[in-house]
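In what follows, a single structure is set out as structure tokens and then discussed.
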Amino acid sequence: MLKKRKEVFKFTGRSHSVKGIAAAVIGGLGTAGLLVLFILSSVYRGEGSILLGAAGMIVFVLTITGFILGVRACMEKEIYYTAPITGMVINGILSIVLFILYITGLFL
């Protein structure tokens with residue numbers, strides 16, 4: 001059945017959250033940074049300098065910041081939730097992976 005022309009268009013006051021977009025971008029940058037660090041670590045056969053560890057800590061802080069931005073974006077009203085939720089999921093997973101990596105590094 002065909003819809004009437006009135007039912008096809010729905011105008012809402014929703015917009016894309018800047019914090020949510022920033023959280024998703026930070027999640028992408030964190031993923032790329034972690035992949036680069038994994039590749040560099042394998043090139044140096046696990047004997048990388050302290051700069052690799054410092055870069056890993058920066059990525060860890062970046063992912064926590066992205067997760068917090070995603071949570072704050074979800075608290076806003078009248079927004080699309082795709083970018084904030086995507087940012088929260090990516091940054092949350094990366095934060096957990098990096099935390100586990102650092103804990104195992106302390107004990108091994």
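The values are calculated or read from the model by the stated rules, or taken from the named source; none is laboratory data. The structure presented is a predicted model; accordingly, all values stated were derived computationally and were not measured. For neighbour counting, all protein chains shown are included, and Cβ atoms are generated from backbone atoms with ideal geometry for every residue, glycine included.
Assorted remarks:
- If only residues of region 63-88 that are part of a helix (DSSP H, G or I) and in contact with a Lys or Arg (Cβ under 8 Å, 6 or more places away or on another chain) are counted, the one that is surrounded by the fewest Cβ atoms within 10 Å (Cβ to Cβ) is Arg72.
- Residue selected from region 1-52 under the condition polar (S, T, N, Q) and modelled with pLDDT under 95, by the criterion nearest to the chain's Cα centre (by Cα): Ser17
- Of residues in region 21-52 being among the small types (Gly, Ala, Ser) and in contact with a Phe, Trp or Tyr (Cβ under 9 Å, 6 or more places away or on another chain), the one surrounded by the fewest Cβ atoms within 10 Å (Cβ to Cβ): Gly27
- Pairs linking a residue in region 78-101 that is closer than 28 Å to Arg14 by Cα to a residue that is among the β-branched types (Val, Ile, Thr) and at pLDDT 95 or above, with Cβ atoms under 7 Å and 6 or more positions apart or on different chains, are Ala83/Ile21; Gly87/Ile26; Met88/Val71; Ile90/Thr31; Asn91/Ile26; Asn91/Thr63.
- Gly46, sole failed condition from (1) in a helix (DSSP H, G or I); (2) on the phi > 0 side of the Ramachandran plot: (1)
- For region 65-95, residues that are out of contact with any helix residue (DSSP H, G or I) (no Cβ under 6 Å at 6 or more places or on another chain) and under 16 Å from Phe38 (Cβ atoms) total 1.
- Residue pairs meeting the criteria (Cβ under 8 Å; at least 6 apart or on separate chains; first farther than 19 Å from Thr65 by Cβ, in region 27-50; second part of a helix (DSSP H, G or I)): Leu40/Leu52; Ser41/Leu52; Tyr44/Leu52; Gly48/Leu40; Gly48/Ser41
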